[in-house]
Structures are given as structure tokens and as C-alpha cells.
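Heads up: the structure comes next, in C-alpha cells.
Bear in mind these aren't lab numbers, they're just calculated from the coordinates by the rules spelled out. Since the structure is predicted, the reported quantities are computational estimates derived from the model, not experimental observations. Neighbour counts run over all protein chains shown; Cβ positions are idealised from the backbone, glycine included.
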Amino acid sequence: MLLALAACSPSPDAPDDVRTSAPASTPPATSAAGPPAVPGIAAEAVRLRTDEAVGGQFHVRVTDTGDAPFTVSEVALAVPGFATLTPAPVTAAFVPGRVIDLPVPYGAVDCAVVPGPAAARLTVSRPDGTVEALTVPLAGDVPARVHAEECAAEAVASVAALQVTDLQARDDELRGRLGVRRLAGEEPVAVRRIGRSVLIDVRADLPLEIAAREGAADVPVTFRPATCEPHVLSETKKPYVFLLEVTLGEEPPVVVDLPVDDHLRGQLADLVRRVCDPA
């Protein structure tokens, strides 16, 4: 099965040495002025472990900095370099000093646009029944970092694809070949590290490299269950997220997902059942 390298945000289930690899430098800030401050409301972009597990979202941390209550019923992002999405419905009641993290999905990135000043669009209800659509400046560098990660992964995906082939099920493991195939360009491509998922340990004979102008290469790869803890098996949202550290030529390493299609996912699920529930 052919698996293209995909964009990702680093997963909490990956080892620290993979998760902390720099995906790319954050784009330079623009000089454009952001929206004016909104009295009584502050907002900050934060990325939580749940965001990393779900993917495609982060949180807007809203604080009531004033002396009156209000309720937020919708939230959306307004960030240059990201497609605009329909506001997400929420129900969050604020009193002075209260802080609430509101999940908000982000749209597809436009890598030709440098992310400028970010804002959160909030639909706010006041105690007197007034409803306002507010654009609140969004503190924090999360949007710029997400944009950099997504665009770095897109650059990798345009040059190289991964393939997991020759899958062979064993009693307590799944074996195969992890390969990289050139799609474009002439620079060297290397997969230097691969991280386990929350459920599955993975080992490969790395680095996996193709030299300048070479077309393809592969190495052995082995998957084994990392845990059979019942709460992990039942609660994990994304059990088969494997992060790879990839380099193109002399560029900094980029952390991307190993895409898992239905066939590989099924083989991994069968492996967990064989080892963790053999009855």
C-alpha cells in the first residue's frame, strides 16, 4: 500500500525525542496591525493534549477580565494563512476572572501566506440580552507554529512518499518493509526516527535514506503492542499515530505522520487482539 506523508501536529503518544524535533522555523511575523483590544475579554491560543490527539484544532483560552458576566455561544478563528471555517457552537458562561478553554477547528493552511496577527471571533451574549459579534486579538504563537508545521509537512509530501509493504503477521508482532519513494526533486531524503503510538511500539532499521537523484529504498519494520492496559485500549482516540522525523537535503528535520490506511489499521488492530485478548 502506498502511503503519502501527511501533515501533523506532534502527538502526545510519541516519545519526547521525536515529539520535540523542530518541524520548521516559525514564519516571520508580519507588520500588519491586529484588531483592537476588546474591553473585558482576553483570548490566547493554546494547544492541549486533546488537540494533539484529535488533530485539526487547538483551543482559545478566553478570560473575563472585566467586571460583568457574559456568555460565549460561538467561536471561530480569523488568522491569515488559514481558511475561514464556520463558527463552532459552544456554551461557556463567564463571570469576572473566569478562564475557559474553547475548542476551535482550524481550516486548511495557505503556505503562500505568512500568518499575520490572529484573532478569535466570538458571539457574546450580555445579561441584558444584547448579542455581539466580537473580534478579539488572539495572543500566543500557536497559529504560527501550526502553520509552519503543516507547510513543512506539505513540502515533504511533495517530494517523497512512504510505503509499508510485505506485511506478515506473527503471534506477537507484525513485520513489513518501510520504504521511501521519490516523487519529485533531487535532494537526499532521509527518515531518521520513528515514534511509537500510544498502543503500538515500532522498530525500523533507520536511517532510511535515498541519496540525491536515487528513486527508492526500504528497511525492515516491526510493530508490537506496547501495552494491554484496559483503560488505554478503551480510551485512546488515535491508537495508530506514528511520528517520523524526515529531512530533505540540508533542511531542518520535519516531523510528520506515517499515514495508516485501512489495510494497515486492520492488521494493527488484529495484532492488538491477538496479544491482548487471545481468548
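Here the chain is treated with +1 on each Lys and Arg Cβ and -1 on each Asp and Glu Cβ, and its dipole about the Cα centre works out to around 220 debye.
So if R0 is 22 Å, what FRET efficiency would A33 and A83 give, r being the distance between their Cβ atoms, rounded to the nearest 0.05? List each step's numbers first, then the result.
On the way: r = 22 Å, r/R0 = 1.01.
Working from the Cβ atoms, E equals 0.50.
For GluC sites (Glu not before Pro), the sites in segment 172-271 that DSSP calls loop and that have at most 12 other Cβ atoms within 10 Å are E186, E250.
Reported to two decimal places, what Rg/Rh ratio describes segment 167-229 when computed on Cα atoms with Rh from the Kirkwood expression? Could the numbers behind the result be given before it?
On the way: Rg = 14.0 Å, Rh = 12.9 Å.
That ratio is 1.08, to two decimals.
Distances longer than 18 Å among the Cα atoms of segment 87-155: what percent of all pairs is that? In whole percent, the long-distance tail amounts to 51. One way to sum up the overall shape of segment 136-279 is the equivalent ellipsoid from its Cα gyration tensor, whose semi-axes run 29, 23, 11 Å, largest first. Axis angle, to the nearest 10 degrees, between helix 142-159 and the longest C-alpha principal axis of the chain: 30 degrees.
Relative to the longest principal Cα axis of the chain, at what angle does helix 262-276 sit, 0 to 90 degrees, rounded to 10? The two axes meet at around 80 degrees. Scanning residues 5 or more positions from E74 or on other chains, those with amide H under 5 Å from its amide H are V90, T123, with H placed 1.01 Å from N in the peptide plane.
Scan (i) 66, 43, 37; (ii) 66, 51, 28; (iii) 61, 44, 32 for the value of Cα extents along the principal axes in Å calculated from this model and give just the label. Answer label, from the structure shown: (ii).
Set the Förster distance to 25 Å, then compute FRET efficiency between H231 and H263 from the Cβ-Cβ distance, nearest 0.05. Walk me through the intermediate numbers first.
Working: r = 28 Å, r/R0 = 1.11.
That pair, H231 with H263, gives E of 0.35.
For segment 41-140, the equivalent ellipsoid derived from the Cα gyration tensor has semi-axes of 24, 14, 12 Å, listed largest first.
Here D201 and L48 are evaluated by their C-beta separation; at R0 = 22 Å the FRET efficiency comes out at 0.30. Over all distinct Cα-Cα pairs of segment 202-279, the Kirkwood formula returns a hydrodynamic radius of 15.0 Å.
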